[in-house]
Amino acid sequence: PAAGEVVLDVQAIRKQFGGLTAVNDISFQIQAGQIVGLIGPNGAGKSTTFNLITGVLGMTSGQVVFRGQAVGGKPSREISRLGMARTFQHVKMIADMTVLENVALGAHTRGSKGVLPAMLRTNRAEEQRLFREAQRQLERIGMGAYLHEQAGNLAMGPQRLMEIARALCADPALLLLDEPAAGLRHKEKQALADVLRQLQREGVSILLVEHDMDLVMQVCDHLVVMEFGTLLTQGTPAHVQQDPKVRAAYLGT
Ligand code: ADP
Ligand code: MG
């Protein structure tokens, strides 16, 4: 991707749940190779924003343009095929399968299809391709030593990296991560930060919903701060950190 190219253009998106406006005219952009953090207190509308962008939820109004293409209203499977991949807040895995198997399966089932149909419908050649791709992505982010470990035996840090490897199997231009640092130890957070910076160098753009302010301040180029569904402020981490509105609403100082 060319530097300065807008990968994601979120244009005044809004989501109404009955009388509640969960997301109220939110606009921001992600440029090629940027890591953008989406932060704000619980209930601010971060997950809903995430779901609007990825097509998991339909929006009430507004538009999302991804790599020059309007994707608002498209189903999530179609959006993911255009080069957008996400992880979920809670790790989804089959505990008694290996890391490699989990990533290969997830690569196949990304979108809404269930695990079982995927297992039944995959032919031998496709299965081999999925396993090769899964291995390549695990090795890419330093998980080569874990390929044949049982997923259920992994510590939290490697579990989150497994999720990221799974999302990477789609070779996304944009990766959306939902609280990847939740529950991680300090060292695991550092390993995660290293992986995010590596992916950034490799040209992957990232949208990060995260509560861990250390991580956010460390890796993000741009921050979008939400409160009660609205955009409180956005800008560089340094700018946002000094904003009195943010300090009052979010940092509690
Ligand atoms: P955050 O991720 O920032 O904690 P959410 O996007 O999950 O916030 O929620 C924003 C607001 O929308 C909250 O008040 C929440 O209760 C409400 N909300 C989220 N999803 C739904 C839904 N499916 N139906 C009704 N209200 C919802
Ligand atoms: Mg949330």
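The values are calculated or read from the model by the stated rules, or taken from the named source; none is laboratory data. Note that the structure is predicted; figures quoted are calculated from it, not measured. Cβ coordinates were reconstructed from backbone atoms using ideal geometry, including for glycine residues, and neighbour counts include every protein chain displayed.
Taken over segment 230-253, the criterion of being polar (S, T, N, Q) and without any contact (Cβ under 8 Å) to a residue 60 or more places away in the chain is satisfied by Thr233, Thr236, Gln241, Gln242, Thr253.
Across segment 32-62, what is the total count of residues that are near ligand 1 (Cβ under 8 Å from one of its atoms) and among the aliphatic types (A, V, I, L, M)?
Qualifying residue count, segment 32-62: 2.
Got at least one residue in segment 56-78 being within 16 Å of ligand 2 (Cβ to nearest atom) and assigned by TED's automatic domain parsing to the domain that holds Val10? Yes, some residue in segment 56-78 is within 16 Å of ligand 2 (Cβ to nearest atom) and assigned by TED's automatic domain parsing to the domain that holds Val10. Within segment 186-206, can one find any residue that is surrounded by fewer than 21 Cβ atoms within 10 Å (Cβ to Cβ), in the same structural domain as Ile53 (by TED's automatic domain parsing) and touching an Asp or Glu at 6+ places or on another chain (Cβ under 8 Å)? Yes - at least one qualifying residue is present in segment 186-206. Residues in segment 143-159 that are free of Cβ contacts under 8 Å to residues at least 60 places away in the same chain and polar (S, T, N, Q) were compared, and the one that is surrounded by the fewest Cβ atoms within 10 Å (Cβ to Cβ) is Asn153. Close contacts from segment 201-229, counting a first residue that is in contact (Cβ under 8 Å) with a residue 40 or more places away in the chain and in a strand (DSSP E or B) and a second that is of a type in the set (Ser, Thr, Tyr) and surrounded by 19 or more Cβ atoms within 10 Å (Cβ to Cβ), with Cβ to Cβ under 8 Å and a gap of 6+ residues or different chains, come to Val209/Ser47; Val225/Tyr250; Met226/Thr49; Glu227/Tyr250. Within segment 95-112, being at pLDDT below 90 and outside any helix (DSSP H, G or I) holds for Arg110, Gly111, Ser112. Quick check on segment 238-253: of everything there that is crowded, with 18+ Cβ neighbours inside 10 Å and of a type in the set (Val, Ile, Thr), which residue is modelled with the lowest pLDDT? In this case the residue turns out to be Val246. Residues in segment 7-30 that are more than 13 Å from ligand 1 (Cβ to nearest atom), crowded, with 16+ Cβ neighbours inside 10 Å and not charged (D, E, K, R): Val7, Leu8, Val10, Gln11, Phe28, Gln29, Ile30. Among the conditions (1) assigned to a strand (DSSP E or B); (2) surrounded by 21 or more Cβ atoms within 10 Å (Cβ to Cβ), Leu232 misses just one, which is (2).
Quick check: anything in segment 13-27 under 21 Å from Leu196 (Cα atoms) and over 17 Å from the mean Cα position of the chain (by Cα)? Scanning segment 13-27, I find no residue that is under 21 Å from Leu196 (Cα atoms) and over 17 Å from the mean Cα position of the chain (by Cα), so the answer is no.
If you check Leu138, Leu175, Leu130, Leu161, which single one turns out to be out of contact with any Asp or Glu (no Cβ under 7 Å at 6 or more places or on another chain), assigned to a strand (DSSP E or B) and not charged (D, E, K, R)? Exactly one of Leu138, Leu175, Leu130, Leu161 is out of contact with any Asp or Glu (no Cβ under 7 Å at 6 or more places or on another chain), assigned to a strand (DSSP E or B) and not charged (D, E, K, R), namely Leu175. Taken across segment 163-180, residues that are buried (at least 21 other Cβ atoms within 10 Å of the Cβ), within 16 Å of the chain's Cα centre (by Cα) and more than 19 Å from Met84 (Cβ to Cβ) do not occur at all. When the strands (runs of 3 or more DSSP E) confined to segment 31-88 are screened for residues that are at pLDDT below 95 and buried (at least 16 other Cβ atoms within 10 Å of the Cβ), those reaching at least 2 such residues are found at 84-86.
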